[in-house]
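Some notes on the structure that comes next.
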Amino acid sequence: MVDHPAVEVDGLHVGYGSTPVLVGVSLTVPAGGGVCVVGENGIGKSTLLRCVSGLQQPDEGTIQVFGGDPGATPEFWRAVVTTVEPPTWYPGLTAREHAELVCRAHGQDPSSAGVDEALERFGLAGHADAIPPQLSSGQKQRLVLAIALLRPSSLLILDEPEQRLDREGRADVAGLLADYVAGGGSLLMASHDDAFALASGAEVTTMESLSAGTP
Amino acid sequence: MTVVPLSPVRRWISRTQSSHRERGATLNSLYIGALTIAIIGGMLHRQVAAIFWPSAPDASALTAGSLVAVCYGLLYLALRRFGPLALSRAAASWLLTAPVSRRRLLLPSLRLTGIAAALLGGLAALAIAGHAAPRSEAGDEVALLVTGGALVGLVLLLVATAAQAGGRWGDALDRLAGLVFAAGLAGLVTAATLDRPAVITQWPPISALLPVVGAVALVVIVALALVIRGLAATPSDRVLDASRTAGTLFDTAFGMEPSFLTDMIERRFWARRRLRSTPLFPRLPVLVAQDLLLTLRRRTRLLWLLLTAALPVLLGGAPGWVLGAAVLAGCLIAGLTASGNVKTDAGNPVLLRLLGLSSRQAVLQRLWVPGVLAGLWAAIALTTLDLLGDLAAGPWWALGLTLGPVGAAAAVHRARVGFVRNELLPLDTPMGTLSTGPLVNAVMGPDMLLLGIPAWIAIGSGELTPTLLLLQAIIGVGGARIYLSGTTGDDRTELSN
């Protein structure tokens, strides 16, 4: 896995109907490195992340994740965590139980994995017994990030993880992402916040610089 | 605060809406509605007559009393579940927040639900009298009983309306109505087991009926006045909730998509619960532990499920194939009580991707709890039938347990169906155009009950041979196994069929 870049995108073309969104986009995320794509709304950041996650088929171009095709296989999803799509929470399961479920599905012991510490770190300790639909949008975002960072993975694909977080929350999440990259994980994210991206230990790049032509 | 008169606002809305409709569209809709009722009535008039007024009374006094509890308990619970007072989505958005009289805003809803409650109450009284009362010239008594039934329907509506605006006593009353309904079901089952139940031999005299009906009418008048006076105090959140329910019901009917309604009921149930995080049973596979935890958190539903295991007794006198089909359908319902998580994963696989499990691992684990519930339900139902002598002696409990995999496969298949596909080609039939999407959707799940054919044959004939028992065990487990390997894979996470 380490012989290959975490993500390698070459000549990616994606359009919605007659409107091109991504034109000749190329990008490399080295294994153990982080890249943050910035740019205004509608420029195709989320579309790029969806394609890299294997959730959307490009019209043209190649995408390799750790040297293989992104796909729907369980092996892929054991290595990759993405927050590109919002989850539908399990009914009748609390926030803490969701975190425990994900840990146990990956063979982790919830206590050793640090479920309670993670909830505390993300400011959710007081909401551990709430069902996620009762949480505010910011709290739900923090829960998703907490679970994403709790379970083992090799690549995080995050779409605007700073959204709906307050200033301290942003600083905390940026620190955790920097630790993740320092620990050998790879990170590809889209953001509107350059300072957050830099604090996450990611190399900041613009959509324009990745694209062969302006859509 | 200045209160804006509501009538001119409503007239303006009605006029503006009419101007966007085609000329005569409303009359056309009324004509089609009336014609549909006339055609269906013409086709089914014999069945309707059998439901409301069979040629000879066929119910005992206990059955009649139990039916009263079932019908009126259910009517009250339905009124509470749907409001009873609701507004359209548009009115809830624009008029509930406008400075108009809340009482005048809600009065049309009260009028409409009043008509419906009286109609249903009257029809229930007619049907119960039709099944239990002796056949003699008793026109006045029938009219009084039907009027009394309609008035009871109105009383229930008024109590439900007060509960909608009131405090926690409404919840206590709901539980009481649930108990009345459950007692009614228990009464029906008991009546079906009696050899010589007492029957009603004569109509109650007019002299006794008239004061009772008069008293109920008086209660309705007083309660109506009190409810109308307190209508303005109905909290906005309750009206909004009821309006969302009405809107979802409309969506369900219009889109022929029952999941809209079931999802809403599920969301509301959990939103009201106060939960405490508990460790997921560490010795069990993770998704089995999750399903088990969710099932144990809905103990009331489990109790209802246990109660329904006695309901096949009501079909003890029906043809054997009907009884067999009812037991198989019960297995599906039992399995469905624990298949909510499959539905979540099939609708949106985001969490399944986060769990990193293959669709085969996920479905295999998700089959366990529905299977145990379906097997136990069938075992209890068949043992009850056996003990009451509706089936020849035999190890029926074992046959019930072999139906576990059948119920599990059917319930999980049903939960994986997803939305109704309305884009499927409609069928032209002599009765008109038939939409195939809802039909295909409706049979997915029940179709897996075909795996229970050996049990169906055994229940239908009333005899259980060791060969049929073994055959059912093999077909049930083998069929569920083939379903698992045929519809899932180790190389994908998505659960959709």
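At 222 nm, what value in deg cm²/dmol follows for chain A if DSSP H runs of at least 4 each add -39500 (n - 2.57) and the sum is divided by all its residues, to the nearest 500? So the calculated ellipticity at 222 nm is -9500 deg cm²/dmol.
Local charge for B:Leu315 was computed over the other residues whose Cβ lies under 15 Å away, with Lys and Arg +1 and Asp and Glu -1, and equals -3. For the protein assembly as shown, the Cβ-based charge dipole about the Cα centre amounts to some 2780 debye (Lys, Arg positive; Asp, Glu negative; other atoms uncharged).
Toward the positive end of the charge dipole of chain A, with +1 on the Cβ of Lys and Arg and -1 on the Cβ of Asp and Glu, the farthest Cα among A:Cys36, A:Ala197, A:Cys51 is that of A:Cys51.
Arranged from fewest to most other beta-carbon atoms within 10 Å of their beta carbon, A:Phe66, B:Phe281 become B:Phe281, A:Phe66. When the P(r) of region B:92-237 is calculated, the portion above 20 Å amounts to 61% of the C-alpha pairs. Inter-chain neighbour count for B:273-280: the average number of beta-carbon atoms from partner chains within 10 Å of each residue's beta-carbon is 6. Near B:Leu296, once Lys and Arg are set to +1 and Asp and Glu to -1 for all other residues with Cβ below 14 Å from its Cβ, the sum equals +4. Going by a ≥ b ≥ c, the root eigenvalues of the Cα gyration tensor, does chain B fall in the rounded group (a/c under 1.5), the prolate group (a/b larger than b/c) or the oblate group? Here chain B falls in the oblate category. Normalised radius of gyration (Cα atoms, divided by 2.2 N^0.38 Å) for the protein assembly as shown: 1.14. In chain A the Cα-Cα distances spread across 10 Å bins starting at 0 as 8, 34, 36, 18, 4, 0 percent of all pairs. B:Asp345 sits among other residues whose Cβ lies under 12 Å from its own Cβ, and their net charge, with Lys and Arg +1 and Asp and Glu -1, is +2.
Its relative contact order, with pairs defined as Cα atoms under 8 Å and 6+ residues apart, puts chain B at 14 percent.
Computed about its Cα centre, the charge dipole of chain B is approximately 2080 debye, with only Lys, Arg, Asp and Glu carrying charge at their Cβ.
Taking other Cβ atoms within 10 Å as a rough exposure proxy, B:Glu141, B:Glu494 sort from fewest to most as B:Glu494, B:Glu141.
Projecting the Cα atoms of A:Ser209, A:His98, A:Val7 onto the charge dipole of chain A (Cβ charges, centred on the Cα centre) puts A:His98 farthest toward the positive pole. When the helices of chain B are scored as -39500 (n - 2.57) per DSSP H run of n ≥ 4 and the total is divided over every residue, the value at 222 nm lands at -23500 deg cm²/dmol.
Neighbour counts of other Cβ atoms within 10 Å put B:Tyr72, B:Tyr31, A:Tyr180 in the fewest-to-most order B:Tyr31, A:Tyr180, B:Tyr72. Applying both filters, DSSP loop and at most 13 other Cβ atoms within 10 Å, to the trypsin sites (Lys or Arg not before Pro) of region A:35-85 eliminates every site. Quotient of the Cα radius of gyration of region A:1-127 and 2.2 N^0.38 Å, N being its number of residues: 1.27. Comparing A:Pro87, B:Ala132, B:Thr384 along the charge dipole axis of the protein assembly as shown, the residue lying farthest to the positive side is B:Ala132, per the Cβ-charge model. Look at where the Cα atoms of region B:71-110 and of region B:180-236 average out, and the two centres are 24 Å apart. Its Kirkwood hydrodynamic radius, worked out from the mean inverse distance over all distinct Cα pairs, puts region B:4-70 at 16.6 Å.
Throughout, read-outs are computed from the coordinates displayed, never taken from laboratory work. Because the structure is a prediction, the values reported are computed rather than measured. Note: ideal-geometry Cβ built from the backbone for every residue, glycine included; neighbour counts use all protein chains shown.
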